[in-house]
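Written out below as structure tokens is the structure these notes cover.
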Amino acid sequence: MDSKLIIIRGNSGSGKTTIAKKLQHHLGHGTLLIAQDVVRRDMLKVHDREGNLSIELIRQIAEYGKGRCEVVIVEGILYASRYGAMLKDLIHFFDQKANTYYFDLSFEETVIRHHSSSKKNDFGEDSLRAWWNPHDYLGVDGETLLTEEMSQDDLLKLMVKQL
């Protein structure tokens, strides 16, 4: 099986998890979705610091999917400074068969999206501001910037078309 890697990154509250789940639902059975929050917070209960255990586990789970799943989706904030080397290694591991997306939104738009999400009561605007890291591009060939003008339907259509 020729597997494809999709990386979806961006600030907290930007819509990464929502679009990743929609994409997985659209693609159907056998699509592996690896959510940074699930691995880091739920599985390992570690803080998002340099060298945290989730970096290696995300890599291992994604590598497991190659040859077993048509599409492997890795989504999360995935700060370039902490996760960039691992993500670039994954792109190489997947023989460059990867699409990389970054939610390049304003802080104001991120707050609006957060207020409409299921996590709106988990943390507030102060936390969003503390975590805010604008223009955190991975800097790989073909990295697609997702803007606030694009609807969820636009994003899904774009990602499916690029597969």
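Report whether or not residue 85 is modelled with pLDDT of 95 or more, surrounded by fewer than 21 Cβ atoms within 10 Å (Cβ to Cβ) and over 13 Å from the mean Cα position of the chain (by Cα). Spelling it out, residue 85 is indeed modelled with pLDDT of 95 or more, surrounded by fewer than 21 Cβ atoms within 10 Å (Cβ to Cβ) and over 13 Å from the mean Cα position of the chain (by Cα). Would you pick out the residues in the stretch 55-79 that are closer than 23 Å to residue 134 by Cα and either surrounded by fewer than 19 Cβ atoms within 10 Å (Cβ to Cβ) or among the hydroxyl-bearing types (Ser, Thr, Tyr) (or both)? Selection gives 79 alone.
Can you list the strands (runs of 3 or more DSSP E) lying wholly within the stretch 14-110 that have 3 or more residues being over 22 Å from residue 147 (Cβ atoms) and among the hydrophobic types (A, V, I, L, M, F, W, C)?
Values: elements: 32-35, 71-76, 98-103.
In the stretch 14-110, 32-35 are the strands (runs of 3 or more DSSP E) which contain 3 or more residues that are over 22 Å from residue 147 (Cβ atoms) and among the hydrophobic types (A, V, I, L, M, F, W, C).
For the stretch 112-152, a residue qualifies if it is in a helix (DSSP H, G or I), within 17 Å of the chain's Cα centre (by Cα) and either hydroxyl-bearing (Ser, Thr, Tyr) or within 18 Å of residue 22 (Cα to Cα) (or both), and the qualifying residues are 113, 114, 152.
Rundown of residues vs (1) free of Cβ contacts under 8 Å to residues at least 40 places away in the same chain; (2) more than 21 Å from residue 30 (Cβ to Cβ), yes/no style:
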| residue | (1), (2) |
| --- | --- |
| 70 | no, no |
| 80 | no, yes |
| 106 | no, yes |
| 130 | yes, yes |
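Listed by first and then second residue, the pairs linking a residue in the stretch 138-163 that is of a type in the set (D, E, K, R) to a residue that is assigned to a loop (DSSP other than H, G, I, E, B), with Cβ atoms under 8 Å apart and 6 or more places separating them unless they lie on different chains, are 143/137; 148/105; 148/106.
The values are calculated or read from the model by the stated rules, or taken from the named source; none is laboratory data. Small disclaimer: the values here were computed from a predicted structure and weren't measured. Glycine also receives a Cβ, built like all others from the backbone with ideal geometry; neighbour counts cover every protein chain displayed.
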